[in-house]
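Here the structure comes first, spelled out in structure tokens, and everything after it is commentary.
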Amino acid sequence: MSQPRVIKTDLRSKYGSLVDCIADLLGANAEVVLHDVSHAERSIIMIRNGQVTGRMVGAPLTDLGFYMLRESDRRIETLGVYESRTDTGKLLRCNAVNLRDARGKIEAILCINIDVTGPTELPVMHADHSPVAEHYQTSIDQVIRRMIADASAEHPGELSREQKSDIVSSLEERGVFLARGAVRQVATALGIAEPTVYKYIHKARRKSPKAKGRRPNESRRQGARSLGVSA
């Protein structure tokens, strides 16, 4: 007996009016982005006010997007409001939400990034909400390179075998290996063979506790601040 054909939803038709509604309400300083997570290397399928981060349709999923996918089984639906600072110095007020299909699988991520660099009437954030560095890239290779650089920052100089394994473990936790070509790029950057990268990935997955017992708010804080990434 043949299986029923799965019809892929047009995500822009499904969520486009939501993007327009939010962007029209918040104005030109609010970038609203719709990511199709099935194509990480060109995930942005709709964007309003892209001048906020300099991106356009066809730009890739960000480092935080990969983290949200990596942790999808923990049902992190929204990151909560947080502040970030882009590579160019803009101060942003941000949030992101996972949009799931009827089976509960993430099919899209909706992100809102408001430029609050100048005078604003938005509520002031609490003192413990320190801005994090944001990495909005225009190609998937740039995203992967930046994630590798962030993970390697704690290990200056020549890397030992254990340090390389630790870097791969950190990258696995951030979801970088969900990106096509990531294993090749990581192998080149660390000066090791691709099979070695796979070995370190499997080692990291065996050791990972999958953050058992962590509360949802702790998960959001780690995603938005401890990883230092953006949606």
> In this structure, does Leu122 turn out to be modelled with pLDDT of 80 or more, within 21 Å of Ala23 (Cβ to Cβ) and either assigned by TED's automatic domain parsing to the domain that holds Ala23 or assigned to a helix (DSSP H, G or I) (or both)?
Replying inline: no
>> Looking at the range 50-80 only, could you name the residues that are surrounded by fewer than 20 Cβ atoms within 10 Å (Cβ to Cβ), at pLDDT 80 or above and not in a helix (DSSP H, G or I)?
In response: Gly54, Arg55, Met56, Val57, Gly58, Glu77, Thr78, Gly80
>> Whether any residue in the range 206-221 is out of contact with any helix residue (DSSP H, G or I) (no Cβ under 9 Å at 6 or more places or on another chain), surrounded by 13 or more Cβ atoms within 10 Å (Cβ to Cβ) and at pLDDT below 50 is what I want to check.
In response: yes
> Got a sec? Which of Asn29, Asn98 is over 29 Å from Arg205 (Cα atoms) and surrounded by 18 or more Cβ atoms within 10 Å (Cβ to Cβ)?
Replying inline: Asn29
> Can you name every residue in the range 30-49 that is at pLDDT 95 or above and either among the small types (Gly, Ala, Ser) or outside any strand (DSSP E or B) (or both)?
Replying inline: Ala30, Asn49
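The values are calculated or read from the model by the stated rules, or taken from the named source; none is laboratory data. Remember, it's a predicted structure, so these values are computed and weren't measured experimentally. So basically every Cβ, Gly included, is an ideal-geometry build from the backbone, and we count neighbours across all protein chains shown.
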